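Step one of this worksheet: look at the structure below.
The values are calculated or read from the model by the stated rules, or taken from the named source; none is laboratory data. Computed from a predicted structure; not experimentally measured. Here Cβ is always computed from backbone atoms with ideal geometry, including for glycine, and neighbour counts include all displayed protein chains.
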Amino acid sequence: MDFYLSPSLLSADFGNLQHTVETLNGSEADWLHIDVMDGVFVPNITIGQPVVKAIKAHAQKPLDVHLMIVNPERYIAGFKEAGADILTVHEEACHHLNRTLCQIREAGMKAGVSLNPHTPVDMLENVIEYADLVLIMSVNPGFGGQKFIENSYRKIEQTARLRQKYNPDLIIEVDGGVNLENARRLIDCGANALVAGNALFSAPDLVSEIAKFKRL
């Protein structure tokens, strides 16, 4: 497999979420990406543990849960219970990032750490060996459908160099403005997981659009 594809449910029709999840079960998508926002860390509020649990009841793919919240360490056990398989927290939201990543692993999930567009990659050098995944935000977090930030390519390359030096099994995921036009370049820069929202859910046929991504 060249890369993991994680459709972002933030762009789905929340009134038909079960149908969407069941459609994704039959697609070539690898994970389901779920954005949890608290209206404090980012200027938007989305879903919490009860909805994640409801999604898990129908999902046949791993749940890739991205916490855009303050004090994420308080909710590790709750999201494990709700069904998260990957739990990603923000470097900017964690006072003790090393400990938080270790707690996520100890709870039985893959541990991810995300960087906002303004945060330099070298902030991760002393913790990257404790992460299973680094999520590079290629838009400012909080809303779907934003324009891709071009310097994200450089950040992916910088993260790939850290992977080579400290953690060869690290997954580098990219979220924000990902589409068929830039996906191959993202992979060539070192990404091996892509989150796509509007580019998938605005297509006439979701399953066919996922197949196009997977054949890049």
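Within segment 6-17, is even one residue under 18 Å from Asp175 (Cα atoms), surrounded by 21 or more Cβ atoms within 10 Å (Cβ to Cβ) and in contact with a Lys or Arg (Cβ under 6 Å, 6 or more places away or on another chain)?
no
List the number of the failed condition for Pro141; all other conditions in (1) buried (at least 19 other Cβ atoms within 10 Å of the Cβ); (2) modelled with pLDDT of 95 or more hold.
(2)
Which one is surrounded by the fewest Cβ atoms within 10 Å (Cβ to Cβ), of the residues in segment 184-216 that are polar (S, T, N, Q) and over 16 Å from the mean Cα position of the chain (by Cα)?
Across segment 184-216, the extreme among qualifying residues is Ser208.
Return the only residue of Gly108, Gly142 being of a type outside the set (Asp, Glu), out of contact with any Asp or Glu (no Cβ under 8 Å at 6 or more places or on another chain) and free of Cβ contacts under 8 Å to residues at least 40 places away in the same chain.
After applying the criteria, what remains is Gly108.
Suppose we keep only residues that are under 20 Å from Tyr4 (Cα atoms) and of a type in the set (D, E, K, R) within segment 43-95. Which one would you say is nearest to the chain's Cα centre (by Cα)?
Asp64
Restricting the first residue to segment 55-66 and requiring it to be in contact (Cβ under 8 Å) with a residue 40 or more places away in the chain and acidic (Asp, Glu), which pairs with a second residue that is surrounded by 18 or more Cβ atoms within 10 Å (Cβ to Cβ) and not in a strand (DSSP E or B) meet a Cβ separation below 6 Å and a spacing of at least six or different chains?
Listed by first residue and then by second, the contacts come to Asp64/Trp31.
Within segment 108-132, how many residues turn out to be touching a Lys or Arg at 6+ places or on another chain (Cβ under 8 Å) and crowded, with 21+ Cβ neighbours inside 10 Å?
Summing the residues that are touching a Lys or Arg at 6+ places or on another chain (Cβ under 8 Å) and crowded, with 21+ Cβ neighbours inside 10 Å in segment 108-132 gives 2.
Considering only residues that are closer than 23 Å to Arg215 by Cβ and not in a loop (DSSP other than H, G, I, E, B), look in segment 23-42 and name the one that is farthest from the chain's Cα centre (by Cα).
Within segment 23-42, the match that is farthest from the chain's Cα centre (by Cα) is Thr23.
Which pairs do you get when a residue that is without any contact (Cβ under 8 Å) to a residue 40 or more places away in the chain, found in segment 150-164, comes within reach of a residue that is in a loop (DSSP other than H, G, I, E, B) and aliphatic (A, V, I, L, M), reach meaning Cβ atoms under 7 angstrom, with the pair 6+ apart or on two chains?
Every condition considered, the pairs that remain are Ile156/Ala191; Arg163/Leu170.
Checking the conditions here, which among Ala84, Ala160, Ala111 is in a helix (DSSP H, G or I) and among the hydrophobic types (A, V, I, L, M, F, W, C)?
Ala160
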